[in-house]
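The values are calculated or read from the model by the stated rules, or taken from the named source; none is laboratory data. None of the values given here were measured: they were computed from a predicted structure. Cβ sites come from the backbone with ideal geometry, for glycine too, and all protein chains shown count toward neighbours.
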Amino acid sequence: MRPLLPFALAAGLFAAGLSRDAADLWIDRTALPPLTVATGVEVTARDGTLLRAFTVADGRWRLEPGAVDPGFLAMLVAYEDKRFYRHGGVDSIALLRAAGQAAAAGRVVSGGSTLTMQVARLIEGSGTGRLAGKLRQIRVALALERRLTKDQILGLYLRLAPYGGNLEGIRAATLAWFGKEPRRLTPAESALLVALPQSPETRRPDRAPAAAAAA
């Protein structure tokens, strides 16, 4: 049987190559929604200070993020997707961990979504629960990683993440909740802004301050 081993190995490698090529084609053929996000018109003073902002067409407060505190960005990546700069859209380790925890506990204990997968959900306005929706998020995330840089993907998150009510994006959130731009945030403010998008209505600091503080 030993002479057959090289042929079996070659056949296995050939099959793997075909699977990889099929996966590449599947990803490359992914139809993506528009990746340009509308933001509200701003009226500023001569020194750049924001005087007034307008909502976008659907009534949401969504603004260009501008300069964002690097401490918040580091906290966001560390908590939500610590391998963000190393994976290609899907974190296999996180997905396997989440599946194992769910199997052991009989319920969902932790999510395996990457920041890229969250962006995929946000740009399509899709849900989070059903298997078909999760598979679509994976496909879109893989396609996004091929068409955008990591900074561009993070920029979409900073524009689209929900922060309660009709607030979308980091800058609308800091102006509404803290009355200031996001360029300089305290660790406590950053922690709230990391936690809010996971459950933006049940953790709103104006309606559920205890839940917001706990989160």
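Kindly indicate whether residue 171 is of a type outside the set (Ser, Thr, Tyr), more than 20 Å from residue 53 (Cβ to Cβ) and in contact (Cβ under 8 Å) with a residue 12 or more places away in the chain.
So residue 171 does not fit the description; no.
How do the pairs read when you match residues in the range 87-106 that are closer than 25 Å to residue 144 by Cβ with residues anywhere that are outside any helix (DSSP H, G or I) and at pLDDT 80 or above, using Cβ under 6 Å and keeping only pairs 6 or more apart or on different chains?
Between residues of the range 87-106 that are closer than 25 Å to residue 144 by Cβ and residues that are outside any helix (DSSP H, G or I) and at pLDDT 80 or above, the close pairs are 91/83; 91/114.
So, restricting to helices (runs of 4 or more DSSP H) that lie completely within the range 59-129, which ones have at least 2 residues that are at pLDDT 95 or above?
Helices (runs of 4 or more DSSP H) meeting the threshold: 70-80, 115-124.
Of everything in the range 145-179 that's more than 11 Å from the chain's Cα centre (by Cα) and aliphatic (A, V, I, L, M), which residue is nearest to residue 116 (Cα to Cα)?
Looking at residues that are more than 11 Å from the chain's Cα centre (by Cα) and aliphatic (A, V, I, L, M), I get 148.
Please go through the range 176-206 and pick out each residue that is loosely packed, with under 15 Cβ neighbours inside 10 Å and either in contact with a Cys (Cβ under 7 Å, 6 or more places away or on another chain) or farther than 13 Å from residue 163 by Cβ (or both).
Residues satisfying the conditions are 179, 180, 183, 184, 186, 187, 188.
Of all residues in the range 34-53 being surrounded by 10 or more Cβ atoms within 10 Å (Cβ to Cβ) and part of a loop (DSSP other than H, G, I, E, B), which is farthest from the chain's Cα centre (by Cα)?
Residue satisfying both the conditions and the ranking: 41.
Going residue by residue through the range 192-206, is there one that turns out to be under 27 Å from residue 51 (Cα atoms), modelled with pLDDT of 95 or more and among the small types (Gly, Ala, Ser)?
For the range 192-206, residues under 27 Å from residue 51 (Cα atoms), modelled with pLDDT of 95 or more and among the small types (Gly, Ala, Ser): absent.
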